[in-house]
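Just below is one structure, and these are the notes that go with it.
Readers should treat all values here as calculations from the given coordinates under stated rules, not as data from a laboratory. Everything quoted here is computed from the prediction, not taken from an experiment. Every residue, glycine as well, gets a Cβ built from its backbone with ideal geometry; the counts of neighbours run over all protein chains shown.
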Amino acid sequence: MGLAWLVAAAVTAVVASWAFNALVHLVWRPYAITKRLRAQGVGGPGYKIFVGSIGEIRRLHAEAAGATLDVGDHDFIPMVQPHHRKWIRLYGKTFLYWMGTRPNVCLADMNMVKQVLSDRTGMYPKNVLDPNLVRLLGKGLVLTDGDEWKRHRKVVQPAFNIDKLKMMTVTMADCARSMVTELDAQLGEGGAMEVELSSRFEELTADVISHTAFGSSYEEGKQVFLAQRELQLVAFSAVLNVQIPGFRYLPTKKNLKIKKLDKQVRRMLMGIIKSRLAAKDPAGYGNDLLGMMLEASAPEHGESPVLSMDEIIDECKTFFFAGHDTTSHLLTWASFLLSTHPDWQEKLREEVRRECGDEVPSGDTLNKLKLVNMFLLETLRLYSPVSLIQRKASSDLDLGGVRVPKGTVLTIPIATIHRDKEVWGEDAGEFKPDRFENGVARAAKHPNALLSFSSGPRSCIGQNFSMIEAKIVVAMILQRFSLELSPKYVHSPMDVITLRPRHGLPMLLKRLTR
């Protein structure tokens, strides 16, 4: 009898403790945070138990489903981030909303954004709460923080220095030449045809990152890219789901698929790594990114490796995905804008002919393509491949005069900021490359307003790589072809972690007479 009573008491205590914690987590904490922030002037949509603001976000997305834009309209926010558009109008540039029980503060004020992105003390680490995103990108340079990030960056940074980029320029041009030569052959004697360009750019940029970073070809890495694309779609499909602790470990159909894809990616990357290890010569493992990481994982004199093999695999994930996905979308949107602005297409073509002639662009001639650079920067402003970035408050801290509680996710809506008339002027919604005539710092009222590659110490390590590649490809296309948007094109940008045209980019390609 006594034992039964003790067991019953223990169970009661456990249940009571669980109930109390659930009450705190689901009710009291959201209520307290909402009250504290409202007292500081930070409003937002009301919190609903367990789901937070997710229900309304889903409803707004459902209302926008199937919407299309005129090709001259670049404001896709009501389609991609309708909740940001609605809540900024209701509550201002800084507001609180809830992803389940997780507080999110939207920061559309550039002064607050600067405070977060310029921080070097680690007060605003990356938000890595989504396990599917970690599987896709790997716990590499993009998602690490603190000393771990510094260690990774020390190994990776030399692969993107000026000398290495000059060598990569030749490889990029070779890959681009293969693509344009193939396109030219497909045009045949007629000299014109419709081409789905976005898929061509995906293959091209995958080929470039394969060659420059991993010493392989697109065909060798193709299965990695395909598996990562599936992971990307699965990861995005779960963005508006309520995160239930432990749910990802259950053997659901989606969880099993994610696990299978992750194993696939790891196995294929390990195959590429083993091939490089087997091909080592006295000079080392090679001077590309993979070679440098392998050198760091096998230091001499018995020292601890700078990177473990698992960390190398994670960095490979990061660069296989980030190294091609964002640049392919930059090229897609640049081609879209070239086709819808024939005056700028001709301006850029004249500049390319003047500086490069019919020759393959080199590092020196690329530096002279000022109009091409302006055009690409404006493309990034209007169609940034990544439409938002997130950080997290590492402790209770003061952000622009607002006391933000520890653990709050800080969401920076890049697409919204890039259209802010207070930052970019009354013509913020228009396509106007001239705004970058005097450089990025003078293009807007705030010197750090272009956020496509983020800014500050955690800005994208591959931004110069991406811009060089984009300039080469645009220049080589303009040397050979004219671009005209197909009547089949439907202007419906969509966000699947990165921004892309929902129905691809059908383009009428015409061979230029030489």
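Numbers at a glance
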{"item": "Lysines with Cα under 19 Å of Lys445, excluding same-chain neighbours fewer than 8 positions away", "result": "Lys93, Lys114, Lys421, Lys432"}
{"item": "Principal-axis tilt of helix 162-187 within the chain, Cα atoms, nearest 10 degrees", "result": "70 degrees"}
{"item": "Ranked Glu148, Glu202, criterion: other C-beta atoms within 10 Å, fewest first", "result": "Glu148, Glu202"}
{"item": "Estimated 222 nm signal from helices in the chain, with DSSP H stretches of n ≥ 4 weighted -39500 (n - 2.57), rounded to 500", "result": "-17000 deg cm²/dmol"}
{"item": "Per-residue HN-Hα couplings for the stretch 336-352 [Karplus 6.51, -1.76, 1.60; θ = phi - 60°; Hz; x = Gly/Pro]", "result": "4, 5, 4, 6, 8, 10, x, 5, 6, 4, 6, 4, 5, 5, 4, 5, 5"}
{"item": "Calculated FRET value between Lys406 and Thr181, using beta carbons and R₀ = 51 Å, to 0.05", "result": "0.35"}
{"item": "Dimensionless Rg ratio for the stretch 40-104, taking C-alpha atoms and the 2.2 N^0.38 Å reference", "result": "1.23"}
{"item": "Quarter of the Cα convex hull surface for the stretch 324-422, i.e. its orientation-mean projected area (nm²)", "result": "9.3 nm²"}
{"item": "Where labels lie 7 Å past Cα in the beta-carbon direction, separation of Lys274 and Arg354 in nm", "result": "5.5 nm"}
{"item": "Charged-residue dipole, Cβ positions (Lys, Arg, Asp, Glu), the stretch 40-511 about Cα centre, Debye nearest 20", "result": "1700 debye"}
{"item": "Rounded to whole Å, sorted largest first: equivalent-ellipsoid semi-axes of the stretch 40-511, Cα gyration tensor", "result": "33, 30, 22"}
{"item": "In Hz, Karplus ³J(HN,Hα) per residue of the stretch 281-286 (6.51, -1.76, 1.60; θ = phi - 60°; x = Gly, Pro)", "result": "10, x, 7, x, 9, x"}
{"item": "Neighbourhood charge, 12 Å Cβ-Cβ cut-off, centred on Pro385 and excluding it, Lys, Arg +1 and Asp, Glu -1", "result": "0"}
{"item": "Equivalent ellipsoid semi-axes - Cα gyration tensor, the stretch 71-203, angstrom", "result": "38, 27, 15"}
{"item": "R0 of 41 Å, Cβ-Cβ distance Met193-Arg58: FRET efficiency to nearest 0.05", "result": "0.50"}
{"item": "Cα-Cα separations in the stretch 375-469 greater than 24 Å, expressed as whole percent", "result": "28 percent"}
{"item": "Relative contact order [Cα under 8 Å, 6+ residues apart], the chain, whole percent", "result": "22 percent"}
{"item": "Least to most buried among Glu426, Glu469 (fewest other Cβ within 10 Å first)", "result": "Glu426, Glu469"}
{"item": "Under 5 Å, built H, 5+ apart or other chain: amide partners of Met507", "result": "Val195, Glu196, Leu197, Ser486"}
{"item": "Where trypsin sites (Lys or Arg not before Pro) fall in DSSP loop in the stretch 97-172, at most 10 other Cβ within 10 Å", "result": "Arg120"}
{"item": "Computed E for Arg153/Met309 - FRET, C-beta separation, R0 30 angstrom, nearest 0.05", "result": "0.95"}
{"item": "Dimensionless Rg ratio for the stretch 359-412, taking C-alpha atoms and the 2.2 N^0.38 Å reference", "result": "1.95"}
{"item": "Phi-based couplings in Hz for the stretch 48-55 (Karplus 6.51, -1.76, 1.60; Gly and Pro marked x)", "result": "10, 3, 6, 8, x, 9, 4, x"}
